[in-house]
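Okay, so here's the structure we're looking at.
Every read-out reported here was derived from the displayed coordinates using simple, explicitly stated rules and does not represent laboratory data. These numbers come from a predicted model, not from an experiment. Ideal geometry is used to build each Cβ from the backbone, glycine not excepted, and the neighbour counts take in all protein chains shown.
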């Protein structure tokens, strides 16, 4: 065991020496004519130009994105609602026609069903809330004020 520890320590020390000794320098060659000095103002101007370049027209059409998100939301909500109703009918029929033991199993399934519905519809509620709040932030930047009543109206 001592030998393995010593070998591990030697490998660790060797790796650290290699890591410390390895240095990379990114500098212009003496033969290169692009050895001009760059000032802090040039760097800041380049950063400002980069930011301004990104603040132009966005390639994302916000209206199409909103429509697609609404379509996905409504479709998934409808599918979840239909599946929940079908499963509730199935559990109800099974409870009414089953024996005492089957009714006990159905009661356990109902607990899982209720938790699943809370998770499913809670997730859709959170999704809708996030969409409304992000739209509210956009409206806030445009109009300068939004109230909770306006958010509630959008929901």
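Please report the projected area of region 86-130's Cα convex hull averaged over all directions, in nm². Numbers along the way, then the final one.
Values: hull surface 12.2 nm².
Mean projected area of the Cα convex hull: 3.1 nm².
Between residue 87 and residue 64, take the C-beta separation as r, use R0 = 41 Å, and let me know the FRET efficiency to the nearest 0.05.
On the way: r = 34 Å, r/R0 = 0.84.
Plugging the Cβ-Cβ distance into 1/(1 + (r/R0)^6) gives 0.75.
Take the Cα radius of gyration of region 63-112 and divide it by 2.2 N^0.38 Å, with N its residue count; two decimals is plenty.
Relative to the 2.2 N^0.38 Å estimate, region 63-112 comes out at 1.74.
Ranking request for peptides 12-19, 105-112: highest mean number of other beta-carbon atoms within 10 Å first, then the rest in descending order.
Final packing ranking: 105-112, 12-19.
Starting from 0.36 nm per residue, how many nanometres of slack lie between residue 9 and residue 47 once their C-alpha separation is accounted for?
9.1 nm
Kindly put 1, 96 in sequence by how many other C-beta atoms sit within 10 Å of each C-beta, fewest to most.
1, 96
Treat each spin label as a single point 7 Å out from the Cα along the C-beta direction, and report the residue 18 to residue 40 distance in nm.
4.0
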